[in-house]
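Below is one structure, written out as structure tokens; the observations come after it.
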Amino acid sequence: MLERPVERPIFIAGLPRSGTTFLHSLLAQDRTNLVPRVWQLIHPYPPDEPGAGPDLRPRRVARQLRMFGMLAPEFRRMHPIDASSPQECSEITAHVFASLRFDTTDHVPSYRRWLDETGHLDAYRFHKRFLQHLQHQAGVAGHWVLKCPDHIFALGALRAVYPDAGLVFVHRDPLAVLLSVAKLTEVLRRPFTRRVDRREIGRQDSDRWLAATELMIEAADQERFEEPILHIHYLDLVRDPLETVATLYRHFGRALDPHAAAGISRLVEAKPNGGYGTRRSRLEEYGLDPVVERERYARYMERFGIRPEQRSSSTRSLTSGRAQVGAVG
């Protein structure tokens, strides 16, 4: 299994809540793409017992998700997911306890500092081994399409383990990102703590993802990957999903199969907003001043030509205007 290469995988990254999940779901409509599913990353191997009967792993994970939905009812509206949904790579690296998912669900600053100091090389070596086992079970040829905002913090390890990888950055107005990611962090933490400090969440998320924007700027300027990084804008993605996917395929020298294009069109028609619900909240609820945050992220917006999604402050509901697509994560 480990002698089979993982050839030219595509990694989708960017700020969280910027449309990376939506793009990943669109690319999953192409049967030539290998996409890790939620149930696979929780239970990567079936039981060893001969004659064990049908594979119950997807059903077990569906039950787990229903139970978590009872603990965090808002989660499904903010991040629609089921057992067969494409899943992000933080679930793979979580198996070796080197994942920022723990920093999202729990307030443990020392863990994040330890992970930053330790680095991600061993975790990405495990990541590749994990994919090799999954593609052995798949039994078909294909290119992996992978997604996780956290890849931004591990670009050196990603390049070392996957030297022929293609990289996609999805860019979005940071004010919309911060509002959404702070709310999601709150929703994910509530089942696991007695106390949630919204202002603390806002400060942590703003600092963390501001650092991520600097890493994206550095990566775009250095262009150390085999192929240039593809930059996609959230507003373009939600306005014309099919053309955005076609642009991605052209960039990486691939042809978009008509059957895949038809599947993408059906998905967009069935879930024009990716299945996301609307929400009403303000940056001020998380101790963030929209004017200050706009200034802090000005370098990022200027470098990648990102258009603001709001005219003034976060006191306006994100459910106005592009009511549905504004919630896409």
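The values are calculated or read from the model by the stated rules, or taken from the named source; none is laboratory data. Keep in mind it's a predicted model, so treat the numbers as computed, not measured. No Cβ is skipped: glycine too gets one built from the backbone with ideal geometry, and neighbour counts run over all protein chains shown. These area figures cover heavy atoms from the full protein model, side chains too; ligands, DNA and RNA do not enter into them. Shrake-Rupley method; radii C 1.70, N 1.55, O 1.52, S 1.80 Å.
Assorted remarks:
- Across the range 121-145, the number of residues qualifying as under 30 Å from Pro191 (Cα atoms) and open to solvent by 30 Å² or more (accessible area, probe 1.4 Å) comes to 1.
- Within the range 26-37, being open to solvent by less than 30 Å² (accessible area, probe 1.4 Å) and in a loop (DSSP other than H, G, I, E, B) holds for Ala28, Asp30, Val35, Pro36.
- Among the conditions (1) under 26 Å from Glu309 (Cβ atoms); (2) of a type outside the set (A, V, I, L, M); (3) surrounded by 15 or more Cβ atoms within 10 Å (Cβ to Cβ), the only one that Arg199 does not satisfy is (3).
- Qualifying residue in the range 172-179 (condition: part of a helix (DSSP H, G or I) and over 20 Å from the mean Cα position of the chain (by Cα)): no
- Test: Ser110 is part of a helix (DSSP H, G or I), without any contact (Cβ under 8 Å) to a residue 60 or more places away in the chain and either out of contact with any helix residue (DSSP H, G or I) (no Cβ under 8 Å at 6 or more places or on another chain) or open to solvent by less than 20 Å² (accessible area, probe 1.4 Å) (or both): yes
- Among residues of the range 211-234, those that are open to solvent by less than 40 Å² (accessible area, probe 1.4 Å), within 17 Å of the chain's Cα centre (by Cα), among the hydrophobic types (A, V, I, L, M, F, W, C) and over 16 Å from His24 (Cα atoms), counted: 3
- Among the residues making up the range 287-329, those that are modelled with pLDDT of 55 or more, assigned to a loop (DSSP other than H, G, I, E, B) and either among the polar types (S, T, N, Q) or buried (at least 16 other Cβ atoms within 10 Å of the Cβ) (or both) are Leu288, Tyr297, Ile306, Glu309, Gln310, Val328, Gly329.
- Hits in the range 179-196 - residues which are in contact (Cβ under 8 Å) with a residue 12 or more places away in the chain and more than 14 Å from Asp103 (Cα to Cα): Leu179, Ser180, Lys183, Pro191
- Qualifying residue in the range 129-152 (condition: touching a Gly at 6+ places or on another chain (Cβ under 6 Å), assigned to a strand (DSSP E or B) and either closer than 19 Å to Asp30 by Cα or of a type in the set (A, V, I, L, M, F, W, C) (or both)): no
- Looking across the range 63-76, the residues that are part of a helix (DSSP H, G or I) and among the aliphatic types (A, V, I, L, M) come down to Leu65, Met67, Met70, Leu71.
- The number of residues in the range 77-106 being closer than 22 Å to Ala28 by Cα, without any contact (Cβ under 8 Å) to a residue 60 or more places away in the chain, open to solvent by 20 Å² or more (accessible area, probe 1.4 Å) and assigned to a helix (DSSP H, G or I) comes to 1.
- Note on the range 8-25: among residues that are in a helix (DSSP H, G or I) and touching a Pro at 6+ places or on another chain (Cβ under 7 Å), the one that is most open to solvent (accessible area, probe 1.4 Å) is Ser25.
- Residue within the range 50-62 that is over 26 Å from His143 (Cα atoms), touching a helix residue (DSSP H, G or I) at 6+ places or on another chain (Cβ under 9 Å), open to solvent by 40 Å² or more (accessible area, probe 1.4 Å) and not in a strand (DSSP E or B) present: yes
- So Thr244, is it closer than 24 Å to Gly166 by Cα and either surrounded by 16 or more Cβ atoms within 10 Å (Cβ to Cβ) or at pLDDT below 90 (or both): yes
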